[in-house]
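The values are calculated or read from the model by the stated rules, or taken from the named source; none is laboratory data. What you see is a predicted model, and the numbers here were worked out from it, not measured in a lab. Cβ placement follows ideal geometry from the backbone for every residue including glycine, while neighbour counts extend to all protein chains displayed.
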Amino acid sequence: MFWHNFKNCMKVTLKAKVSIFWTLLFPIALATFMYVSFGNIMDNEEMFKNIDVAVVSSGEEENGLMVVIDALSEGDDKLLNVKEMSEAEAKQALKDEKVTGIIFADDVRLMVNESSANASILESILSSYKQNEYAIKDIMGNLETAPNEADIMAIMSDVMADTSYYTEKSTSDSNQNMYNNYFYAIFAMSCLFAAYSSVGAISNLQANESGKGMRKCISPNSKIVFIVSDFLSLLVLHFLVELIALLYMSTVLGIEFGDKYPAMILTLFVGSMIGLAIGVIVGAIAKLGFGGKIGILTAIGLVLSGMADLFVNGVKRAIELHVPIINKINPAALITDCFYSLNTYDDYTIFIQNIMIMAVESVVLIVIAFMMIRRNKYASI
Amino acid sequence: MGTAVEVNNLVKRYKDLVALDHFSLKIEEGEIFGLLGPNGSGKTTTINCILSLLSFDKGDIQVFGKKMKPTSYDIKKDIGVVMQNVAVFDELTVYENIDYFCGLYIKEKETRRKYVEEAIEFVDLADYKKFLPKKLSGGLLRRLNIACGIAHKPKLIFFDEPTVAVDPQSRNKILEGIKMLNEAGATIVYTSHYMEEVEQLCSRILIMDKGKQIALGTKDELKRMIKNTETVSVEVLGLGDAELDKLKSLPHVYDAGYEDGMLHLYFSGGKHNLIRVMECFKENNISFGRVTSELPTLNDVFLEITGKELRD
Ligand SMILES: Nc1ncnc2c1ncn2[C@@H]1O[C@H](COP(=O)(O)OP(=O)(O)OP(=O)(O)O)[C@@H](O)[C@H]1O
Ligand SMILES: [Mg+2]
């Protein structure tokens, strides 16, 4: 019976071409779309030539920051694109994302909106400057005439040594990481979308929702056999979909995911599992109707993705600050974290932890679902 | 032979609506038991309760002498159900559908293949094995629905209005098939609101209305329960009141009606009633058209007990 139902579930899902088509199309189309729109940005050589930055200065500052900034914003391959503004203008520009950050020259302070590779370069410039502030002031203070070009260059090379480390690291890793985050988000969402296929399978198991469910209920078989075989069957299919998506992104689009492919594949497997388990539990809720269940699933998917920063940045960080436990159980956050940690750290601790959490969550959800629909009798059919 | 199904004092409420009101029945093994009642009388509800699909408020249900529970797999394996609504996979062909549902009961591949072929033969769908359900006509679809319910050769089969929307020819095939299943040893529970089918098929009939049993017996027993034994209908134009009175006063006539040129005379007992009617027409020089004499039907039984027609 187990294999009979397993095979049938697979056959039915494959023959209902529409659903498998959409689950496969979603990650591939979205990845292609993102690839095309990021295409030129991801071409990372050009990326850091110009960081737009607003400088607010009274013109009377006593430090040498302006000298450094000027030096960084000259020449063909200048790092900064400086716009001097009033404080109000600068804040507006930052808000409108016209500049990456604002440097307040008077008190050597930096203001950025969000963490990005460019923002961290600005941070490194400022901190390098602060570290070398005394040396710079010293030179400038001792000079009777205009500062000697050579002296400035000496200090500058010091500052630049730090920043170039950042720019290089950013262009190769962080920047790649930042755009990869979007592709991780695609995987997370398409894993959550697996819920749509399992919710249908569970509806087809309940006598009050479908005639097929009635036939299964009157047959001499336990519901757990149906649930588990349907689940595993869909898991195989959905896992294949994710694998195809991964293959497409890494070979056709040429996205660099690093070299930890086995671990990434495991993430996709466990991610599909948790997505399907969410569909199973929603499918098991009685008295909701198929439409209602799809609605709830959509809501759950959007909320979980939203909380994992899949739409706008910053939500996840806010959650991390206030209710960190949510990030530890939200499957969307766990999936993206798995990828991120694989690509960022050599250490597997976070990865293993996240995988374990998702596996446990899946099992718990399925057990609860079974308890909910095991009681075969319905009040109304 | 033992008892196949026994239901005692079953009460099922849907909120305020009492769908089954202290309903009882007892079906012996080997019979074709008819459950006859108008729409909404509680036939499907009864079957769903027996199958442990529906919870009920009161009562007791036994199948093959054992209390029926959702986990009574040893009982369930011998039951087949042809549901009122067609329930098949749209994605699977005729053959695959029957094979899947049969496979919920029969593990062994060879046996299953044989059973599926036999079921296809039984409902005469051999030419449509590879068809998807949406390519089948309504009647063929119902035949597929039947095959899915009976392929595993159950000992007790419920047919819930299997002939709705089926043309007369297919309907007769289905009824013949059910008789064959019964002859092969299956106990049949057949629900319908078509009295002709039930009369033609069933060894015993339970008539129900509003969740209650109103009569039970063989078709002859049921007909004997009522006053009417014969209805004579005559096509006649311009019948006067005096003539109508004469006809009404014929022996054994207990009621008469004249409407739209059709005369109906209702008899209770008596022989040669038709001849007496004809003689009366001759004596009074009344010209007439078509004449029929009908024995009572289950509809008459239903009409007399409930005061309303079986069919809406
Ligand atoms: N799920 C439900 N919720 C509320 N009332 C219901 C439900 N199912 C059935 N009923 C009511 O219970 C009564 C019995 O319904 P049932 O389906 O058993 O009738 P039936 O004899 O099978 O009729 P039909 O010939 O139309 O199939 C009807 O009045 C019906 O409206
Ligand atoms: Mg019904």
Going by what's in this entry, would B:Thr71 be described as within 30 Å of A:His4 (Cβ to Cβ), modelled with pLDDT of 95 or more, more than 16 Å from ligand 2 (Cβ to nearest atom) and within 13 Å of another protein chain (Cβ to nearest Cβ)? no
Residue, surrounded by the fewest Cβ atoms within 10 Å (Cβ to Cβ), within segment A:214-231, restricted to residues that are more than 10 Å from every other protein chain (Cβ to nearest Cβ) and not hydrophobic (A, V, I, L, M, F, W, C): A:Ser229
Listed residues B:Glu96, B:Glu108; which is more than 11 Å from every other protein chain (Cβ to nearest Cβ) and more than 28 Å from the chain's Cα centre (by Cα)? B:Glu108
Of (1) in a loop (DSSP other than H, G, I, E, B); (2) surrounded by fewer than 16 Cβ atoms within 10 Å (Cβ to Cβ); (3) more than 16 Å from ligand 1 (Cβ to nearest atom), B:Asn85 fails just (3)
From the list A:Ala201, A:Ala185, exactly one residue is within 14 Å of another protein chain (Cβ to nearest Cβ) and modelled with pLDDT under 90. Which is it? A:Ala201
Could you look through segment B:262-271, keep only residues that are surrounded by fewer than 16 Cβ atoms within 10 Å (Cβ to Cβ) and modelled with pLDDT of 90 or more, and pick out the one that is farthest from B:Glu304 (Cα to Cα)? B:Met262
In segment B:274-297, residues that are surrounded by 12 or more Cβ atoms within 10 Å (Cβ to Cβ), in a loop (DSSP other than H, G, I, E, B) and either touching a residue at least 60 places away in the same chain (Cβ under 8 Å) or out of contact with any strand residue (DSSP E or B) (no Cβ under 9 Å at 6 or more places or on another chain) (or both) total 3
(1) at pLDDT below 90; (2) part of a helix (DSSP H, G or I): which one isn't true of B:Lys227, the others all being true? (2)
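Conditions (1) under 18 Å from B:Asp78 (Cα atoms); (2) within 16 Å of ligand 2 (Cβ to nearest atom), marked per residue:
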| site | (1), (2) |
| --- | --- |
| B:Glu118 | yes, no |
| B:Tyr128 | no, no |
| B:Ala147 | yes, no |
| B:Thr191 | no, yes |
| B:Gln200 | no, no |
Residues of segment B:39-88 being of a type in the set (A, V, I, L, M, F, W, C) and touching a Phe, Trp or Tyr at 6+ places or on another chain (Cβ under 7 Å), which ones? B:Ile47, B:Cys49, B:Leu53, B:Leu54, B:Ile75, B:Val81, B:Val82
Of the numbered conditions (1) within 24 Å of the chain's Cα centre (by Cα); (2) surrounded by fewer than 18 Cβ atoms within 10 Å (Cβ to Cβ); (3) more than 16 Å from ligand 1 (Cβ to nearest atom), B:Lys76 satisfies every one except a single condition; which is it? (2)
Could you tell me which numbered condition B:Lys12 fails, if it satisfies all but one of (1) within 16 Å of ligand 2 (Cβ to nearest atom); (2) under 29 Å from B:Leu136 (Cβ atoms); (3) in contact with a Leu (Cβ under 9 Å, 6 or more places away or on another chain)? (2)
Being among the hydroxyl-bearing types (Ser, Thr, Tyr), within 12 Å of ligand 1 (Cβ to nearest atom) and more than 10 Å from every other protein chain (Cβ to nearest Cβ) is the filter; apply it to segment B:20-56 and report the residue that is nearest to A:Ala379 (Cα to Cα). B:Thr46
Working carefully through the options B:Ala165, B:Ala184, find the one that is surrounded by fewer than 21 Cβ atoms within 10 Å (Cβ to Cβ) and either within 16 Å of ligand 2 (Cβ to nearest atom) or not assigned by TED's automatic domain parsing to the domain that holds B:Glu118 (or both). B:Ala165
Of residues in segment B:57-68 being within 18 Å of B:Lys26 (Cα to Cα) and assigned to a loop (DSSP other than H, G, I, E, B), the one nearest to the other protein chains (Cβ to nearest Cβ): B:Met68
Listing of helices (runs of 4 or more DSSP H) fully contained in segment B:99-197 that carry 3 or more residues being away from ligand 1 (no atom under 16 Å from the Cβ), within 30 Å of B:Leu303 (Cβ to Cβ) and not aromatic (Phe, Trp, Tyr): B:168-183
Yes/no for A:Ala332 being under 22 Å from the mean Cα position of the chain (by Cα), assigned to a helix (DSSP H, G or I) and closer than 16 Å to A:Ile186 by Cβ: yes
Just give me the residues in segment A:362-381 being in a helix (DSSP H, G or I) and touching a Pro at 6+ places or on another chain (Cβ under 7 Å), in sequence order. none
Would you check which residues across segment B:1-27 are loosely packed, with under 15 Cβ neighbours inside 10 Å and in a strand (DSSP E or B) and list them? B:Thr3, B:Asn8, B:Asn9, B:Tyr14, B:Leu17, B:His22
Being under 23 Å from A:Met372 (Cα atoms), touching a residue at least 24 places away in the same chain (Cβ under 8 Å) and either assigned by TED's automatic domain parsing to the domain that holds A:Ser116 or surrounded by fewer than 21 Cβ atoms within 10 Å (Cβ to Cβ) (or both), is that true of even one residue in segment A:259-271? no
Given the condition away from chain B (no Cβ under 14 Å), farther than 30 Å from B:Ser55 by Cβ and free of Cβ contacts under 8 Å to residues at least 60 places away in the same chain, answer yes or no: does some residue in segment A:362-373 qualify? no
Mind listing just one residue for me: the one in segment B:74-89 that is more than 8 Å from chain A (Cβ to nearest Cβ) and touching a helix residue (DSSP H, G or I) at 6+ places or on another chain (Cβ under 8 Å) and, of those, farthest from B:Thr3 (Cα to Cα)? B:Gln84
Of the criteria (1) within 9 Å of another protein chain (Cβ to nearest Cβ); (2) modelled with pLDDT under 95, which one B:Phe101 fails: (2)
From the list B:Gly42, B:Gly59, which one is more than 17 Å from B:Ala186 (Cα to Cα), surrounded by 15 or more Cβ atoms within 10 Å (Cβ to Cβ), within 16 Å of ligand 2 (Cβ to nearest atom) and among the small types (Gly, Ala, Ser)? B:Gly42
Of all residues in segment B:131-152, how many are in contact with a Phe, Trp or Tyr (Cβ under 7 Å, 6 or more places away or on another chain) and without any contact (Cβ under 8 Å) to a residue 40 or more places away in the chain? 1
Residue in segment A:23-35 that is at pLDDT 85 or above, in contact with a helix residue (DSSP H, G or I) (Cβ under 7 Å, 6 or more places away or on another chain) and within 14 Å of chain B (Cβ to nearest Cβ) present: no
Residue check: is B:Gly30 on the phi > 0 side of the Ramachandran plot, away from ligand 2 (no atom under 12 Å from the Cβ) and part of a loop (DSSP other than H, G, I, E, B)? yes
